[in-house]
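Peer 1: Okay, handing you the structure first.
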Amino acid sequence: MKFLIINGPNLNMLGLREPGIYGDKTYAALCDSLRAWCAEAGVECELFQSNHEGAIVDKIQEAYGAVDGIVINPAAYTHTSVAILDALKAVSIPTVEVHISKVSEREAFRQVSYVSYYALRTYEGLGFEGYHKAIRFLKETLTE
Ligand code: CA2
């Protein structure tokens, strides 16, 4: 079983600014945790981060037939991207959405998520632990 874990714009800057909202751990530390959690779940994983909407759409399309599940934090594109939503619907791969911060309690524009129209579930406000829960949930759902 293989999971693709996608992180959107500016998440490569984790730990460098806004530690009050996103914590003080770096994107490299997140990647280390993601690899460890996938190994724990017994799944192969591919990590992808991009600041470009089209690159994320391309990556989702490439996952067709090659990946069993997607964990995605689309970052700012969460709130704007019909293109990412359409790509997820097009490949029809089971997907879980993650947000490090509690978007439902932040600015009104962050309370809209296009990806939520497709995602099986959304974890928010749990910091990096949300990705851990997403990996476990996806593994359990796909092995049922
Ligand atoms: O809470 C999340 O995970 C978000 O997806 C993060 C996005 C934000 O646009 C979403 O509304 C919620 C932003 C990621 C930006 O990451 C930064 C990292 C360091 C410094 C500044 C921003």
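No lab work stands behind these numbers, since they all come straight from the coordinates. These numbers come from a predicted model, not from an experiment. Heads up, the Cβs are rebuilt from the backbone with ideal geometry, glycines too, and the neighbour counts pull from every protein chain shown.
Peer 1: What residue, among those in region 125-144 that are of a type in the set (A, V, I, L, M) and assigned to a helix (DSSP H, G or I), is farthest from residue 84 (Cα to Cα)?
Peer 2: Going residue by residue through region 125-144, those that are of a type in the set (A, V, I, L, M) are 126, 134-135, 138, 142.
Filter again for assigned to a helix (DSSP H, G or I), leaving 134-135, 138, 142.
Values: 134: 19, 135: 20, 138: 19, 142: 22 Å.
Across region 125-144, the extreme among qualifying residues is 142.
Peer 1: Consider residue 21 carefully, then state whether it is touching an Asp or Glu at 6+ places or on another chain (Cβ under 8 Å), of a type in the set (Val, Ile, Thr) and not in a loop (DSSP other than H, G, I, E, B).
Peer 2: Here the answer is no, as residue 21 does not meet what is asked.
Peer 1: List the residue pairs whose Cβ atoms are under 6 Å apart, where the first residue sits in region 1-22 and is under 28 Å from residue 42 (Cα atoms), the second is part of a loop (DSSP other than H, G, I, E, B) and of a type in the set (A, V, I, L, M), and the two are 6 or more positions apart or on different chains.
Peer 2: Short answer, once both residue conditions are applied: 1/43; 2/67; 3/43; 4/63; 4/67; 22/14; 22/100.
Peer 1: Still on this structure, please answer the following. Return yes or no: is residue 122 under 24 Å from residue 37 (Cβ atoms), among the hydroxyl-bearing types (Ser, Thr, Tyr), within 15 Å of the ligand (Cβ to nearest atom) and in a helix (DSSP H, G or I)? I'd like the intermediate steps shown before the answer.
Peer 2: On the way: under 24 Å from residue 37 (Cβ atoms): yes; among the hydroxyl-bearing types (Ser, Thr, Tyr): yes; within 15 Å of the ligand (Cβ to nearest atom): yes; in a helix (DSSP H, G or I): no.
Considered against the rule, which asks whether it is under 24 Å from residue 37 (Cβ atoms), among the hydroxyl-bearing types (Ser, Thr, Tyr), within 15 Å of the ligand (Cβ to nearest atom) and in a helix (DSSP H, G or I), residue 122 comes out as no.
Peer 1: Out of 70, 56, 135, I need the residue that is free of Cβ contacts under 8 Å to residues at least 60 places away in the same chain, crowded, with 20+ Cβ neighbours inside 10 Å and either at positive phi or among the β-branched types (Val, Ile, Thr) (or both). Which one?
Peer 2: On the way: 70 fails: free of Cβ contacts under 8 Å to residues at least 60 places away in the same chain; 135 fails: free of Cβ contacts under 8 Å to residues at least 60 places away in the same chain.
Among 70, 56, 135, only 56 is free of Cβ contacts under 8 Å to residues at least 60 places away in the same chain, crowded, with 20+ Cβ neighbours inside 10 Å and either at positive phi or among the β-branched types (Val, Ile, Thr) (or both).
Peer 1: While we're looking at this one, here's another question. If you scan region 75-90, which residues turn out to be away from the ligand (no atom under 16 Å from the Cβ) and either among the small types (Gly, Ala, Ser) or buried (at least 19 other Cβ atoms within 10 Å of the Cβ) (or both)? Step through it out loud before you land on a result.
Peer 2: Taking region 75-90 as the starting set, the residues that turn out to be away from the ligand (no atom under 16 Å from the Cβ) are 82-83, 86-87, 89-90.
Those that are away from the ligand (no atom under 16 Å from the Cβ) and either among the small types (Gly, Ala, Ser) or buried (at least 19 other Cβ atoms within 10 Å of the Cβ) (or both): 83, 87, 90.
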